[in-house]
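To keep things clear, I will list the structure first and then write my remarks on it.
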Amino acid sequence: MTILRRKVGEGRAFELTALGARHGAEEARMLGLVNRVFPADTFDAEAERVVVDLASRPAGAVSLTKHLLYELDGMTFERGLERAAEVNAVARASEECRTGVRRFLDKQARNERP
């Protein structure tokens, strides 16, 4: 219920739970219940593409982002900015971040060679 209320708002969340109506995939996307809808004939390939893309991201960064997203609910804007700066500092101190920066700089250096 907490996540549903965040995604669709209080009034819509109440209506969805109280009435219990069924909704098709496209309507669920329009309501904000799902982010993407794939055709049945390409569903497996499309879903795998999204999962592989997500799995290729640094796990620590994804985890920090997810936790920050949920922490922000109920914070003032100013406190949210402070918390985001704190999380940013933690992220930048991680080995994942250092590795990513090294890869970026190595790639830049390779691209600058004649």
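The values are calculated or read from the model by the stated rules, or taken from the named source; none is laboratory data. Because the structure is predicted, anything quoted here is derived from the model rather than measured. Reconstructed Cβ throughout: ideal geometry from the backbone, glycine too, with neighbour counts over all protein chains shown.
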Selection from region 75-114 of residues that are assigned to a helix (DSSP H, G or I) and in contact with a Gly (Cβ under 7 Å, 6 or more places away or on another chain): Glu96
Residue in region 31-38 that is of a type outside the set (Ser, Thr, Tyr) and on the phi > 0 side of the Ramachandran plot present: yes
Considering residues of region 57-114 that are under 23 Å from Arg6 (Cα atoms) and touching a residue at least 24 places away in the same chain (Cβ under 8 Å) only, the residue farthest from the chain's Cα centre (by Cα): Asp73
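Yes/no per residue for (1) modelled with pLDDT of 95 or more; (2) among the acidic types (Asp, Glu):
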residue	(1), (2)
Phe38	yes, no
Asp41	yes, yes
Val51	yes, no
Thr65	no, no
Leu72	no, no
Met75	no, no
Glu78	yes, yes
Arg103	no, no
Lys107	no, no
